[in-house]
Ligand code: GLA
């Protein structure tokens with residue numbers, strides 16, 4: 001009897017683990033990509049602006065480069081109606097969210113929305129605790145494809161977090177529409193250990209990114225390097241079977257222009273630093289959520305965000321996050337296995353002076369001779385190389401594909 005019970009228990013566990021694997025594989029087989037409202041616009045959003053961003057995703061070539069989600073973050077909500085259905089702010093969204101979803105879908109894009117596992121969101125709007133099933137059904141009826149689920153105003157313990165995320169994940173699974181779940185508890189409860197089992201397809205690894213290379217003001221904001229430092233050790237937890245370590249939005253091109261990413265020391269970065277953010281987010285398989293103004297793009301940010309060779313590393317079907325193989329005071333080296341036996345290598349100069357470096361591939365575990373391509377200069381460097389030699393500028397990341 002005991003044996004039969006144990007077997008039944010094992011089968012139930014196996015079935016739910018398999019269901020989770022197939023959910024992630026089906027919903028987010030590679031890191032989701034798109035454009036998100038929060039870090040530039042905060043809650044100053046409305047349907048007109050979102051339509052313009054959807055248009056720009058298409059006309060500027062972003063959709064075709066893979067950025068196919070328009071993510072509405074906090075600030076869309078207008079409370080609940082007399083049947084407790086969550087509603088959009090009628091001033092910001094006079095046509096309603098469904099009309100926006102239709103607009104977005106007609107352009108080959110998907111729509112993301114935002115809520116929180118408590119009564120109020122981080123910015124103080126209506127959230128989903130106690131209304132998980134009802135809100136999931138509402139989101140499905142609007143045609144929502146993705147939910148970012150935040151954790152402000154919720155208890156700090158990990159068990160409650162697991163339960164609250166699972167509750168929403170179960171509601172989404174039962175709502176009749178495929179909706180990706182992005183877990184956003186910022187890292188303190190180590191979501192890489194449990195968010196996948198709870199039903200999420202990605203999970204933020206840190207507190208909010210700011211428009212800065214590294215945090216020097218210590219007010220709680222995270223710079224690009226702070227997020228790399230916290231996410232690099234987590235390479236074993238990501239993949240198409242489980243989900244993705246979400247390093248928060250790409251601040252590429254913001255240049256300290258305002259919005260939440262300019263708080264807490266976010267004074268802007270150089271183009272070299274933005275290029276490094278793109279390189280590292282791609283190497284570490286992070287979801288790529290831009291948060292710039294797509295209607296007024298500069299040449300530099302267009303070049304960085306639309307580099308198809310670096311995006312291909314992020315979206316590689318093998319879905320393996322790069323491993324940091326070397327870290328000194330001035331140099332970090334990352335290695336990412338790619339499909340078809342290829343490899344990507346990133347060489348990052350964290351110092352303030354140009355760095356002359358000679359990297360033997362064998363020292364990274366890559367024996368033999370390789371065809372080497374630099375994905376930022378778009379040059380084939382060599383046909384049969386065993387090493388790379390060159391100069392890495394301060395805060396620059398050289399990214400090579402070896403074949
Ligand atoms: C939290 C999240 C941010 C954003 C805001 C919205 O801070 O981490 O990414 O969603 O809430 O209020």
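Identification of helices (runs of 4 or more DSSP H) wholly contained in the stretch 87-188 with 3 or more residues that are assigned by TED's automatic domain parsing to the domain that holds residue 260, under 25 Å from residue 46 (Cα atoms) and touching a strand residue (DSSP E or B) at 6+ places or on another chain (Cβ under 7 Å) yields 96-106, 132-142.
Count, please, the residues in the stretch 215-252 that happen to be in a helix (DSSP H, G or I) and either in contact with a helix residue (DSSP H, G or I) (Cβ under 8 Å, 6 or more places away or on another chain) or farther than 18 Å from residue 196 by Cα (or both).
Step one: of the stretch 215-252, the residues in a helix (DSSP H, G or I) are 224-237.
Right, trim to either in contact with a helix residue (DSSP H, G or I) (Cβ under 8 Å, 6 or more places away or on another chain) or farther than 18 Å from residue 196 by Cα (or both) and you get 224-230, 232, 234, 237.
Number of matching residues: 10.
The residues of the stretch 145-161 that are away from the ligand (no atom under 15 Å from the Cβ) and over 20 Å from the mean Cα position of the chain (by Cα), listed by number, are 155, 156, 157, 158, 159, 160. In the stretch 193-220, the residue that is nearest to the ligand (Cβ to nearest atom) out of those that are closer than 21 Å to residue 116 by Cα and surrounded by fewer than 22 Cβ atoms within 10 Å (Cβ to Cβ) is 208.
Note on the stretch 363-403: enclosed strands (runs of 3 or more DSSP E) holding 3 or more residues that are touching a residue at least 40 places away in the same chain (Cβ under 8 Å) are 397-402. Does residue 271 fit the bill of being at pLDDT 95 or above and either over 27 Å from residue 181 (Cα atoms) or within 17 Å of the chain's Cα centre (by Cα) (or both)? Judged against the criteria, residue 271 is a match. Here residue 289 fulfils each of the conditions (1) within 16 Å of the ligand (Cβ to nearest atom); (2) in a loop (DSSP other than H, G, I, E, B); (3) within 18 Å of residue 36 (Cβ to Cβ) apart from (2).
The values are calculated or read from the model by the stated rules, or taken from the named source; none is laboratory data. Computed from a predicted model, the values in this text were never measured in an experiment. Note that we place each Cβ from the backbone using ideal geometry, even for glycine, and neighbour counts take in every protein chain shown.
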